[in-house]
Amino acid sequence: MQVPFPPQSLIVSCQAQPDSALHGPDSMARMAQEALRGGAQGIRANGVGDVAAIRAVVDVPIIGINKLGDHDGVFITPSAAAAGAVIEAGADLVAIDGTRRARPDGTSLSAQIEAIHREYGVPVMADVDDYEAGLAAADAGADLVATTLSGYTGGRVPVGPDLELVARLAAAIAVPVVAEGRIWTPQEARAALDAGAHAVVVGTAITNPAAITGLFRRAAA
Ligand SMILES: CC(=O)N[C@H](C=O)[C@@H](O)[C@H](O)[C@H](O)COP(=O)(O)O
């Protein structure tokens, strides 16, 4: 299925947790507009409310996710129905959990991808945690494979973005690889593209002022 991002794209993840003063569709729509002013070529956003509000003000592709449940198991768009909700809100493609963990409704990754393709006709990005999951996700029909969950499923936590995973997957699979997770600097984004990423997704370092402030505060302390 056609991937709506040209090579070397910068996608900005606009998400704010409930404890943030920026939580909510209005703030995230403004954040997305500012990311576009800076040159973002795509937006990643969570939930029906945020996706709909962002869709109303931007015309670049939106990667929708629908985080459900707690963060212990599969929580990023865990079902085809969860994907459908954000697609109907305006997402152009969806990202889903692409790890090899059991999904809450017992379906396989390939069945979820197949259902999204059949019912909604949009590309699917698989958020994976390791190399084997990336290979399996490509085999299962994912249109893009992203390194989003590397370091978040109990294994080794890389320092910075998982460039090794980006490079290994880019050399092994035919679909575009997206570098996502812990990209904090333009140099790291560049390194991810040089490692073979088709696109990079940057979240916290652009859209989370409290986390950015904390970095400066710790440096100053
Ligand atoms: C593990 C997980 O839940 N990742 C989430 C996925 O949507 C977001 O919380 C991240 O902010 C996003 O992946 C971008 O990464 P970073 O914020 O590190 O640039």
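Values quoted throughout were computed directly from the atomic coordinates according to the rules given, and no laboratory measurement underlies them. What you are looking at is a predicted structure, and each value in this text was computed from that prediction instead of being measured. We place every Cβ from the backbone using ideal geometry, glycine too, and count neighbours over all the protein chains shown.
Worth a mention:
- Placing unit charges on each Cβ (+1 for Lys and Arg, -1 for Asp and Glu) gives the stretch 9-220 a dipole about its Cα centre, and among PRO176, ILE116, SER150 the Cα reaching farthest toward its positive end belongs to SER150.
- Those residues of the stretch 65-83 whose amide nitrogen sits under 11 Å from the label point placed on THR107, 7 Å along Cα→Cβ: 78-83
- Rounded to the nearest 20 debye, dipole of the chain from Cβ charges on Lys, Arg, Asp, Glu: 500 debye
- Near the amide H of GLU180, within less than 5 Å, lie the amide hydrogens of THR147, THR148, VAL201, all on another chain or at least 5 residues away, with H placed in the peptide plane.
- Gain on full extension, evaluated as 0.36 nm per residue between ALA81 and GLU164 minus their Cα-Cα distance, stands at 26.6 nm.
- Local electrostatic count at PRO123 - Lys and Arg +1, Asp and Glu -1, tallied over other residues with Cβ under 10 Å: -2
- Note that the stretch 201-213 has calculated 3J(HN,Hα) couplings of 10, 10, x, 3, 5, 10, 10, 10, x, 5, 5, 5, 4 Hz, one per residue in order, obtained from phi through the Karplus relation 6.51 cos²θ - 1.76 cosθ + 1.60 (θ = phi - 60°); glycine and proline are x.
- Our coupling estimate for the stretch 135-146, obtained by passing each phi through the Karplus curve with A = 6.51, B = -1.76, C = 1.60 and θ = phi - 60°, is 4, 5, 5, 5, 4, 7, x, 4, 8, 9, 10, 10 Hz, Gly and Pro reported as x.
- Local electrostatic count, ALA80, Cβ distance below 11 Å [Lys/Arg +1, Asp/Glu -1]: -1
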